[in-house]
Structures are given as C-alpha cells and as structure tokens.
Amino acid sequence: MSGSRDEEKRSLRRAFSDGRSGAEDGSIHSLASSPTLTPSPFSPALEDDKGFPLLSPSCPGFGKNIPLFAAKQTRPQTRSWLQTPLAPKGITILMLRILYFLLVPLLPSPLQALLPADPAKPRILRKIHPTSYLDGLRGVAALIVLQSHFLTNWFYPLRSGYLNTESDTHLLQLPILRLLYAGRASVAVFFVVSGFVLSYKPLLLARSSNQGAVLQTLSSSVFRRGFRLWIPIVFGTFISALLAYNDLYTPVPNRGELIPPVFPTLREQLWHWWGDLCIFWFPWKATVDGNDTVGFAYNGHLWTIPIEFYGSIVVFVTVLGLSGVNRGHGWMRIAIGTGLVGWSLRGGRWDAALFLGGMVCAEWSLMIEMECSLPGSQALHALLRISKKALTALRLHLHPFIRLLKALKDLSLVILLFTSLFLLSYAGESASPGYYHNFLIPYTPSIWESVALGHEHFWLCIGALLLLFTLTNSPTMQRPFTWALPQYLGDVSYSLYIVHGMVLFTLGTGLQEKWTGAVGKIEWAGARVWWRSLVGCVVVNWVVIFWCADLFWRAVD
C-alpha cells in the first residue's frame, strides 16, 4: 500500500514538472486534465500523507482557475439569517438583525453617519463647489422660518419692532438680533438665492456663446421646475389632510393661521384636499402677486410656492432674452438686469425684483470667477486692453495704492454686510418698524404705501440683494455656510419648510395648550410654568421636526 502511494506521489510530481509549460498559471484545471492523475483505490479522492484532498471532481473549485495551494485552504463560512439556529440565542440574534434592518433607515442622516460604514457601500464625501455656500444660506433661512413660526406662537409681541410701544423692550427685538426669527426676511433670501441658482448655469453657457447648450439647459429647467416644486407638496399636504381628518390640529387664535377644515368622512376630506390643491397649483392664474398672496388651507406656509414658480419662469425668460447679449464681458447683461430690478421695485413688485436681482448677482459672480481664473496682469490686460509691459510698469507704480484699495474693499464689504442685516431686521407688522428703523420711512417710495406690508417688503428686498452681493464678493464670508451643519440644513431645507407647520400646529400647539392651558396668549399667570413648558416644547418640537424633515427629504424630496 505504501509503495502504491509513493508511486502516486512520484507520478504527481512528474505531471506537475512536465505540465508547467502548458499551465503557466499553475491552475488546478490544467493539472486535472493530466491522464496520470487517477483516484486512489483506497479513497474517493487523492490525499497526501496528512489527509488533505488534492485533486478530485468533488473538491471545491475543481475546474476553476484557482492556484494549487488553494485546495488545502479552508474559508470560514458565514451564516445567513436563514441559517440562524432556532435556539434562544439564535432567535435573539435574528430579531436584532431584523430590528437593525428596519430601524436604521429611520434614523436621521447625521446619526446614520455615526454607524460603522458598510465596506460594500463606501461613503461619498461631500464636494464643495463655488456655489455651495448658497445651499448653506438657504438652509439657515429655512431654520429661521421654523424659529419664527415657533417663537411667535409663544410670545407674539416679538413681531413688533424695538420700542414700537413702551413695552417693546425685549433684547430679541433689537436690530440684527431679531434675524433669529425674522421669517419674512428669510423668504426674501429664498427668492434671491433661487434667482441666482436658476440662472447660474445658463449664464455660464451664454458666456461661451453656445446658444444650443443654453436652449437645452433652459428647456430642461422649465420642464423640471414644476415637478420639483409641486410633487413634494402633494405628499406633504396629503399627510396634512390625514392629520386634519383625525382632528389633530390646534389653531392659534391671534395668529390667523390657516388650519385645515375637518370633514366627517375620509372621502370628503380627501376630496376637499384635492380640490384645494388643484386651485392652488393652477399655473394660469390671472395674477400671481407677492403683495396679494393666496394661502393653502392644508399648509398656510406654502403661500410662497406659486410665487417661486412664477419667479422661476421670469428668470428663465430673462436669461433666454439676454443669452445673446455678449458685449462688454457681461457688463451689458448686468446693466440690463439691474434696470429690470429697478423697474420691478418702481412698480411695487418686490418678488420679481428679488429673482432678477439674484440673476444679476449670478452674472457678477461669473465675472469674478473669470478674473480670478487669470493671473492679475492677464485679467487687467483682458479688461483694459493695454500692453503687458505698460501694465507691469503700472502695477509697480500703483502697488501701494492697490494694497490700499484691497483694504478698503474688505472694509466696504463688512459695512455692506451689517447694512444688509440691519435692513433685513425691518419689522413691518407693528405700527412703526421700531426706534432704529423709523428714519427709513421717508425714504420709502410712495408706491409702497398702498402695498400690503409695503415698507417692510421694500427694505427686506434691498437687504436681501445687498446680502447676496456681499457674499458673492467675499470668500471669507461664504466659508461658514459651507460647514457641515449649514450644508445639511440646505439639503433638508425644502422638506423642513413643508413639514414644520404640520408638526408645530399639531404636536407643538397641542403640548402648549396641555402644559400652559392656553395657546397664543401674550402672558401666562405662572412664569415658571411658562418657561418650563417652553423648554419642553423646544426639545420635543425640534427633535420631531428635524426627524420628519430628514425622512421626508430622503423618501420624497
């Protein structure tokens, strides 16, 4: 028997040495084809003296391109959840796996990022683009809208300006500080940012005189814009209709908030919701005017969406008309766009002025990028069209003056920033805007006297335009809006805008009524109870709102 085994080993070695030229890769398949390899009569497979199977059709990997030594290796087998043994420990592991599979997708995105990464799905790092700061700015504005609707439910006098009356002396009513809850100022920021974002790409293509690409981009934008705005609203207001049917809304008496009506049957409730929705999103209304807004019963905060769609079309048509104007390296488009902004303000249309002003800022941003992409002398040479030698000599003589101009530019941007924030702090709901803004009243054009909240809309429009222009010129001021938190707020901003009202006027006002005995009152008898209830509602409302906004963002938006 031992002689037979020795003979088999010698045959195996000869086959291996003779077959190397035909099996350079050393695969088991090439050796298996050798006629000298036959199964031993003493075992169903060839084995060495240590009992390892060598070559047999029953071996794992037989016929595949696997190295010879792989036949001696054993891979650990991992059990799937179907192979979990039905023992107490196995059932516990199975239940934990199922819970993990079901609950992890429900966690907010920031918490999911803290879990161990799946090797099969590597995480993609966020890329910061030249316009990423606009996403952060929009996210911060959405957070301020949420804060506005929450805080003024608890203390309505915050809507008045500082020293509007003798009792209006709260610290948060001071200019700039009141931006923490200035909802209308945030709406102005929404509109001017939309004008910038919607026009940026087609204006960039227009600078290369590629009319075909401009038309293709605008065509795609016009087609997708309605779906982008309205599809999330359909889902969001459908949830609102279900909440209304279950009578979960608690109105705020002194706010005049639109609360959905309650119907006796679900069919009637959904039929009323659908009818209201069709009227609300009808694009061919006689007028869509920011001064005569129409609310939606199932989410009163969505009054801005028809204006958003209207302003988007205004931007697309204006960019189309100006795409062929290529004189002056973009200066002609800026001059025409600025004239349209002034014309809109002269006509009392603050909404159109904001969208068109965002378009002007986008063109200005592209001019800055073009200048920064060239060395300083080349940029000035392209703009001034003088010889490079003369330009170099001019730069040497004017170097101290250029340094002074740079310092003055930085100082002027800081002044513009505080000016824009001051104007955005204008309070329009009270009899006067407050002690620090009263001097602006005589400088308001007369046409705004007949417009609802006209003084406020005019100065908020100027403030939002100045803010975006300032950020466009200052990478340093842009940087905070590219941090992780503002970028995440920018991701969920539209979802946050849609869902926050549903939570605030169901769970929020419900807890407020339960814990304080009243909703929307200016004062309560027990200050300690009021403050304790306020802190509790802050925690509960914000956790639920951001959780719902994150889920809505990933599932719908």
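Can you say whether Leu248 is open to solvent by 60 Å² or more (accessible area, probe 1.4 Å), among the aliphatic types (A, V, I, L, M) and touching a residue at least 12 places away in the same chain (Cβ under 8 Å), as far as the supplied structure shows?
Judged against the criteria, Leu248 is a match.
Return yes when Ser312 is over 19 Å from Ala452 (Cβ atoms), in contact (Cβ under 8 Å) with a residue 12 or more places away in the chain, part of a helix (DSSP H, G or I) and of a type in the set (Gly, Ala, Ser) and no when it is not.
On the way: over 19 Å from Ala452 (Cβ atoms): yes; in contact (Cβ under 8 Å) with a residue 12 or more places away in the chain: yes; part of a helix (DSSP H, G or I): yes; of a type in the set (Gly, Ala, Ser): yes.
Criteria met by Ser312.
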Q) Taking only pairs six or more apart or across chains, which ones have beta-carbon atoms under 7 Å, a first residue in the stretch 257-281 that is under 22 Å from Phe505 (Cα atoms) and aromatic (Phe, Trp, Tyr), and a second residue that is open to solvent by less than 50 Å² (accessible area, probe 1.4 Å) and not in a loop (DSSP other than H, G, I, E, B)? A) Phe263/Gln269; Trp273/Thr237; Trp273/Ala241
(Q) Restricting to the stretch 193-246, count the residues that are farther than 30 Å from Thr265 by Cβ, under 22 Å from the mean Cα position of the chain (by Cα) and among the polar types (S, T, N, Q). (A) 5
Q: Report, by residue number, each residue of the stretch 318-342 that is open to solvent by 50 Å² or more (accessible area, probe 1.4 Å) and out of contact with any Leu (no Cβ under 9 Å at 6 or more places or on another chain).
A: Gly321, Gly324, Asn326, Arg327, Trp331, Ala335
Q | Residue that is touching a residue at least 40 places away in the same chain (Cβ under 8 Å), in contact with a Ser or Thr (Cβ under 9 Å, 6 or more places away or on another chain) and not in a helix (DSSP H, G or I), where the choices are Gly236, Gly290 | A | Gly290
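Quick one: count up the residues across the stretch 221-241 that are open to solvent by less than 60 Å² (accessible area, probe 1.4 Å), farther than 30 Å from Leu320 by Cβ and out of contact with any Pro (no Cβ under 7 Å at 6 or more places or on another chain).
Total meeting the criteria: 2.
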Q | Near pairs, Cβ below 9 angstrom, 6+ apart or cross-chain, from the stretch 400-423 (among the aromatic types (Phe, Trp, Tyr)) to any residue that is surrounded by 15 or more Cβ atoms within 10 Å (Cβ to Cβ) and modelled with pLDDT of 95 or more | A | Phe422/Gly463
Q.
For the stretch 279-296, check the following and say yes or no: at least one residue is of a type in the set (Gly, Ala, Ser), more than 28 Å from Leu205 (Cβ to Cβ) and in contact with a Phe, Trp or Tyr (Cβ under 7 Å, 6 or more places away or on another chain).
A. yes
Q) Looking at Ile144, is it β-branched (Val, Ile, Thr), open to solvent by 40 Å² or more (accessible area, probe 1.4 Å) and closer than 24 Å to Leu354 by Cβ? A) no
Q: Name every residue in the stretch 427-441 that is free of Cβ contacts under 8 Å to residues at least 60 places away in the same chain and either hydroxyl-bearing (Ser, Thr, Tyr) or open to solvent by 20 Å² or more (accessible area, probe 1.4 Å) (or both), in order of residue number.
A: Asn438, Phe439, Ile441
(Q) Looking only at the stretch 84-105, filter to residues that are of a type outside the set (Lys, Arg) and loosely packed, with under 10 Cβ neighbours inside 10 Å; which one of those is modelled with the lowest pLDDT? (A) Leu86
Q: Considering every residue within the stretch 106-125, establish whether at least one is within 30 Å of Trp483 (Cβ to Cβ), open to solvent by less than 40 Å² (accessible area, probe 1.4 Å), polar (S, T, N, Q) and at pLDDT 70 or above.
A: yes
Q. Considering only the stretch 258-275, how many residues are in a loop (DSSP other than H, G, I, E, B) and open to solvent by 40 Å² or more (accessible area, probe 1.4 Å)?
A. 7
Q. Gly139 passes all but one of (1) within 15 Å of the chain's Cα centre (by Cα); (2) open to solvent by 20 Å² or more (accessible area, probe 1.4 Å); (3) at pLDDT 90 or above; which number fails?
A. (2)
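The values are calculated or read from the model by the stated rules, or taken from the named source; none is laboratory data. This structure is a prediction, so every number in the text was calculated from the model and none was measured. Counting neighbours? That spans all protein chains shown, and the Cβs are built from the backbone with ideal geometry, glycine included. With ligands, DNA and RNA removed, areas are computed over all heavy atoms of the protein, side chains included. Shrake-Rupley method; radii C 1.70, N 1.55, O 1.52, S 1.80 Å.
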